[in-house]
Amino acid sequence: MTYKRNIDRLPIPPKDAKVHNVTCHFCIVGCGYHAYTWDVNRQGGMAADQNAFGADLSQQQAAETVNWFSPSMHNIVKQNGQDVHIVIKPDHDCVVNSGLGSVRGARMAEESFSEVTGTQAQRLTDPLVWRYGGLYPTSWQDALDLVAAVTQRVVAEQGEDGLIVSAFDHGGAGGGYENTWGTGKLYFESMKVKNIRIHNRPAYNSEVHSTRDMGVGELNYCYEDTELADTIVIAGGNPLETQTNSFLNHWIPNLRGTSLDKKKKQLPDEPHAAGRIVIVDPRRTVTVNACEMEAGKDNVLHLAINSGTDLALFNALMTYVADKGWIDKEFIAASTSGYDDMLAANRTSLEDSAKITGLTVQQIQTAASWIAEPKEGKRRRTMFGYEKGLIWGNDNYRTIGAFVNLALATGNVGRPGGGCVRMGGHQEGYVRPSDAHVGRPAAYVDQLLIAGKGGVHHIWGCDHYKTTLNALEFKRVYKKRTDMVKDAMSTVAYGDRAAQVEAIMGAIKQGGLFVVDIDIVPTKIGQAAHVVLPAATSGEMNLTSMNGERRMRLTERYMDPPGQAKPDCLIAAGIAQALEKAWRAAGKNDVADKFKGYDWKTEEDAFMDGYHQHAGGGENVTYERLRAMGTNGFQEPAVGFKDGKIVGTQRLYADGKFGGKDGKAIFMATAWRGLQAEGKQQEKDKFAFLINNGRANQVWQSAYLDQQNDFVMERWPLPFIEMNPDDMAELKLNQGDLVEVFNDNGSTQAMAYPTPTAKRKETFMLFAFPTGVQGNVVSKGVNELIIPNYKQTWGNIRKIADAPEVTKSLTFKSLEYRTS
Amino acid sequence: MSKRCDKLVDTGRRQFLRGTGIAAAAGIATVVTPAPGKAAVPLARVTYPSQKLANVKDLKTDEPLDINYPDKDSPGVLLKLGKAVENGAGPDRDIVAFSTLCPHKGFPLNYVAADKSLNCPGHYSRFDCEKGGMEIWGQATQNLPQFALRVDSKGDIYAEAVDELIYGRLSNVLSA
């Protein structure tokens with residue numbers, strides 16, 4: 001039966017409700033919100049002078065009103081030890097979202113920890129340690145002493161390579177400048193840890209190496225550029241679901257033609273029309289549908305290429321655009337190097353490209369024309385966006401390089417209506433000491449763990465059991481290694497610390513692995529842990545991040561963390577201090593001294609130690625200044641502080657100076673070489689179905705909390721796999737039936753979702769979902785810089801069971817909006 | 001959207017806090033000494049009007065009838081789906097009614113008979129009329145508010161309650 005809250009009234013924020021600046025902590029877009037809090041036993045009134053909105057709430061409010069919030073935007077939480085009502089509602093004055101709330105951000109209140117309403121009861125409240133066959137609460141001091149004792153011993157015996165680390169490197173929840181600095185200082189300054197990986201990939205590397213090597217930082221535009229562009233090109237992205245309010249608030253006005261006045265005003269010396277869009281994606285998404293609805297089918301070009309052939313398309317577009325002379329010669333001469341060599345190396349005919357990509361020559365020509373053909377003698381403004389379809393796709397390095405080539409050649413970086421940007425996943429929040437010692441290519445950490453290397457594993461806000469490649473094999477080995485340590489720990493009384501450490505070290509010598517998991521909720525990989533440390537999330541601490549247009553804001557602490565949970569930066573400081581003690585006890589004062597400098601009392605101390613001192617322009621940025629900048633903040637890098645405001649940077653490279661040698665952007669040779677990662681072509685040849693995979697609207701960057709949200713879990717109790725109905729008929733599948741997806745890498749489960757727009761033999765499975773892990777069937781094949789290739793996965797499908805009970809209340813109708 | 005200036009009496013608001021706030025608090029270990037017996041017994045939910053919407057014989061399958069409930073500022077739709085559904089009313093258990101203000105941003109929803117869905121032109125949210133208003137896809141953080149229906153022996157259809165908060169109001173019933 002469909003989930004309803006049966007809430008038909010909500011308490012009204014009184015006039016004196018406290019208001020906090022909030023940036024949504026889920027996805028890259030970083031929508032502005034405000035958190036209103038007030039005492040649980042009070043409330044405002046319906047009359048305009050009795051409520052925080054100054055509105056007469058006894059009347060029905062109109063569409064898009066600022067004077068309403070949904071039940072999911074309300075909760076009762078602790079603030080300084082007292083119960084308070086909280087309402088977290090979108091900020092209409094934030095230029096990012098203009099009052100829009102996504103299906104994720106508009107649930108921030110409901111997804112907060114509450115002892116009163118019972119929401120997020122899963123949250124970790126105490127440090128936990130393995131004893132008596134389970135994970136049980138202990139004190140911070142006890143837990144940190146154990147972590148430090150084992151870590152110190154492993155490093156003493158194996159060197160720092162024996163310490164393996166998995167750590168977030170992003171902004172938003174489970175990240176932020178405070179926390180990336182805290183962890184970064186621990187592993188890159190006090191130690192020089194090399195065997196470290198990031199939350200979503202098996203090494204410590206950039207997802208977008210090539211654009212950086214070309215001197216073009218990957219977040220170089222502002223969201224307004226998508227309102228100004230003549231054409232938007234999006235490759236391997238689905239922005240309606242995964243950059244929702246950036247798409248709705250900035251792309252759609254362009255496609256509808258409602259940003260025309262802005263175009264004329266800002267760019268008066270050229271002709272303007274409503275925007276057009278080119279979408280490169282093997283799958284038809286809700287993004288394609290929405291664009292067609294708004295711009296008309298004539299202004300939407302969906303290039304449904306063969307999976308993994310983007311590079312062959314981009315090289316042909318580059319060649320054709322060059323041959324037509326639709327390039328920005330002046331810009332190329334002034335701001336770039338290597339153009340001629342690139343063009344010679346990448347030359348690809350329309351016909352060859354059509355053959356590889358499955359497109360027609362005409363489609364490629366049309367795309368080129370929309371991207372680059374001058375408009376009445378003026379340069380066409382095109383915004384280039386890409387995300388996981390390229391990043392987790394075939395031949396990451398070359399493919400992204402080829403896309404950047406096209407943007408540079410057409411003069412579309414650093415200019416209004418342009419940009420060549422990744423769309424992003426999380427917000428960003430990276431400031432750490434140098435990682436140069438990690439090397440390039442970086443260590444393939446998953447393979448080290450599978451090979452039995454390392455003795456201790458510190459995990460920060462990562463869950464590889466759900467989000468890595470080759471996941472089934474990883475889990476099999478990981479469980480075995482960590483069980484060895486658990487079994488050894490069970491042979492000794494917990495209170496005998498010296499004997500515990502000896503037992504643990506003994507198991508490690510036999511190939512065991514000791515695991516410390518720092519997170520806000522219990523995770524799948526956390527089941528293998530020996531110590532679990534509870535972290536605070538955004539809003540339970542002050543937290544800074546920047547979004548996809550480098551807009552930096554401070555989310556102010558509006559509630560208490562659960563129990564003894566602490567900000568990650570302070571946990572990192574605690575580990576550092578415990579390690580200092582452990583090394584001193586071991587008589588190694590020189591090593592112990594490296595763990596000084598963590599006497600932070602608050603996250604603000606970590607921010608001042610990290611961002612303020614080490615980020616480019618960080619000297620201009622303080623909490624006090626950010627607070628005054630509200631939900632609009634400023635766009636990084638900060639270049640000054642004037643008239644009480646931090647002065648930011650609207651677009652990177654607006655002066656035509658890039659990050660390569662002599663301030664140039666560097667074109668890249670990116671010849672097509674088929675399916676690049678080892679074993680992919682054979683997998684394609686052997687198995688019947690493409691198991692394309694990615695995200696869904698409801699759970700984008702929020703699944704770790706959504707797994708306890710009834711509204712979401714009723715909709716997706718199991719991961720969906722979109723299948724063409726004819727394929728389903730062949731396999732005798734009905735909607736909701738449980739299927740097994742399997743290949744030589746492993747197997748997993750999903751729920752069949754009939755999708756008439758899906759191409760035959762091309763499926764799409766929800767990625768990284770707790771009740772069915774797509775990564776189980778992804779091979780270990782990576783690119784030359786250890787970037788995984790999740791998207792190009794092939795497998796077979798068979799029925800496991802008829803649709804289980806949890807699917808009975810579900811709708812299986814098309815996700816596409818329709819008018820008839 | 002029509003505007004109406006209904007006076008909300010304070011009892012409505014007080015009832016909310018006592019009804020929901022304390023009922024929820026009772027679920028945890030915190031024990032609060034009960035208020036003195038003279039306090040009014042609060043209702044758990046707002047009191048809804050019973051309102052006649054139409055007669056069964058007025059309805060044809062897939063021809064939506066515009067209605068308003070619980071008052072004229074809250075537009076909705078009355079539908080005969082032609083197929084029995086959970087919570088369906090009437091002799092064929094196929095009559096349902098929903099709010100047509102999208103619970104995301106309050107745009108008016110349009111009924112698409114082809115797949116019996118309500119669709120929002122604002123941000124493309126879709127709700128399944130055969131599944132209690134389940135959001136098929138979209139930005140709303142609620143499934144669609146459904147109006148509870150009663151059909152009497154004459155075939156008259158009455159709306160009598162709502163199961164989610166209606167967009168644009170912090171109490172589903174604005175007047176006393």
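The values are calculated or read from the model by the stated rules, or taken from the named source; none is laboratory data. Owing to the predicted nature of the structure, the values given are computational and were not obtained by experimental measurement. Virtual Cβ from ideal backbone geometry, glycine too; neighbours counted across all protein chains shown. The protein model used for the area step is the full one, side chains on, heavy atoms only, and it has no ligands, DNA or RNA in it. Shrake-Rupley method; radii C 1.70, N 1.55, O 1.52, S 1.80 Å.
Within the stretch A:246-263, take every residue that is more than 14 Å from chain B (Cβ to nearest Cβ) and not aliphatic (A, V, I, L, M) and give me the one that is most open to solvent (accessible area, probe 1.4 Å). Spell out how you get there, then give the answer.
Going through the stretch A:246-263, the residues more than 14 Å from chain B (Cβ to nearest Cβ) turn out to be A:254, A:257, A:259-263.
From what's left, not aliphatic (A, V, I, L, M): A:254, A:257, A:259, A:261-263.
Numbers: A:Asn254: 2, A:Gly257: 20, A:Ser259: 4, A:Asp261: 118, A:Lys262: 66, A:Lys263: 1 Å².
Here the answer is A:Asp261.
Here is a check on your reading of the model: is A:Ser58 away from chain B (no Cβ under 11 Å) and small (Gly, Ala, Ser)?
no
In the set A:Gln266, A:Gln243, which member is open to solvent by 10 Å² or more (accessible area, probe 1.4 Å) and on the phi < 0 side of the Ramachandran plot?
Just a single option satisfies the conditions, and that option is A:Gln266.
Okay, residues lined up against (1) under 35 Å from the mean Cα position of the chain (by Cα); (2) at pLDDT below 95; (3) open to solvent by 40 Å² or more (accessible area, probe 1.4 Å):
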site	(1), (2), (3)
A:Met1	yes, yes, yes
A:Ala55	no, no, no
A:Phe69	yes, no, no
A:Val77	yes, no, no
A:Asn80	yes, no, yes
A:His85	yes, no, no
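Among the numbered criteria (1) buried (at least 24 other Cβ atoms within 10 Å of the Cβ); (2) of a type in the set (A, V, I, L, M); (3) touching a Ser or Thr at 6+ places or on another chain (Cβ under 8 Å), which single criterion is violated by A:Val216?
Tallying (1) buried (at least 24 other Cβ atoms within 10 Å of the Cβ); (2) of a type in the set (A, V, I, L, M); (3) touching a Ser or Thr at 6+ places or on another chain (Cβ under 8 Å), A:Val216 fails exactly one: (3).
Mind listing whichever residues of the stretch B:106-148 are more than 16 Å from the chain's Cα centre (by Cα), basic (Lys, Arg) and either open to solvent by less than 10 Å² (accessible area, probe 1.4 Å) or facing another protein chain (nearest Cβ under 8 Å) (or both)?
If the condition is that a residue be more than 16 Å from the chain's Cα centre (by Cα), basic (Lys, Arg) and either open to solvent by less than 10 Å² (accessible area, probe 1.4 Å) or facing another protein chain (nearest Cβ under 8 Å) (or both), then B:Arg126 is the only one that fits.
Give just the number: which of (1) open to solvent by less than 10 Å² (accessible area, probe 1.4 Å); (2) in a helix (DSSP H, G or I); (3) not polar (S, T, N, Q) does A:Ile459 not satisfy?
All conditions are met except number (2).
Kindly list the number of the only condition in (1) more than 30 Å from A:Pro90 (Cβ to Cβ); (2) surrounded by fewer than 20 Cβ atoms within 10 Å (Cβ to Cβ) that fails for A:Thr670.
(2) is the only condition that A:Thr670 fails.
List the helices (runs of 4 or more DSSP H) that sit entirely inside the stretch A:702-791 and contain at least 3 residues that are surrounded by fewer than 18 Cβ atoms within 10 Å (Cβ to Cβ).
Ranges flagged: A:725-730.
Which residues, taken from the stretch A:334-361, are under 18 Å from A:Phe658 (Cβ atoms), open to solvent by 30 Å² or more (accessible area, probe 1.4 Å) and aliphatic (A, V, I, L, M)?
Result: A:Ala334, single match.
Please verify whether A:Ser58 is among the small types (Gly, Ala, Ser) and under 18 Å from B:Gln142 (Cα atoms), treating the condition exactly as stated.
no
Report, by residue number, each residue of the stretch A:734-760 that is within 14 Å of A:Lys813 (Cα to Cα) and among the hydroxyl-bearing types (Ser, Thr, Tyr).
The answer is A:Tyr753, A:Thr755, A:Thr757.
When you scan the stretch B:54-89, how many residues do you find that are within 12 Å of chain A (Cβ to nearest Cβ), modelled with pLDDT of 95 or more and part of a loop (DSSP other than H, G, I, E, B)?
Matching residues across the stretch B:54-89 total 6.
Which of (1) more than 15 Å from the chain's Cα centre (by Cα); (2) of a type in the set (A, V, I, L, M, F, W, C); (3) assigned to a loop (DSSP other than H, G, I, E, B) does A:Leu219 not meet, given it meets every other one?
Here A:Leu219 meets the rest and fails (1).
Considering the stretch A:275-293 alone, what residues qualify as being under 22 Å from A:Lys375 (Cα atoms) and open to solvent by 30 Å² or more (accessible area, probe 1.4 Å)?
If the condition is that a residue be under 22 Å from A:Lys375 (Cα atoms) and open to solvent by 30 Å² or more (accessible area, probe 1.4 Å), then A:Arg276 is the only one that fits.
With B:Asp92, B:Asp156 as the choices, which residue is out of contact with any strand residue (DSSP E or B) (no Cβ under 7 Å at 6 or more places or on another chain) and more than 8 Å from chain A (Cβ to nearest Cβ)? If you could, list the steps in order and put the result at the bottom.
Numbers: B:Asp156 fails: out of contact with any strand residue (DSSP E or B) (no Cβ under 7 Å at 6 or more places or on another chain).
Going through B:Asp92, B:Asp156 in turn, just one is out of contact with any strand residue (DSSP E or B) (no Cβ under 7 Å at 6 or more places or on another chain) and more than 8 Å from chain A (Cβ to nearest Cβ): B:Asp92.
If we scan the stretch A:179-187, do we find a residue that is closer than 23 Å to A:Gln527 by Cβ and either out of contact with any Pro (no Cβ under 7 Å at 6 or more places or on another chain) or open to solvent by 20 Å² or more (accessible area, probe 1.4 Å) (or both)?
Yes - at least one qualifying residue is present in the stretch A:179-187.
Could you identify the single residue in A:Lys192, A:Lys185 that is of a type in the set (Lys, Arg) and assigned to a loop (DSSP other than H, G, I, E, B)?
A:Lys192
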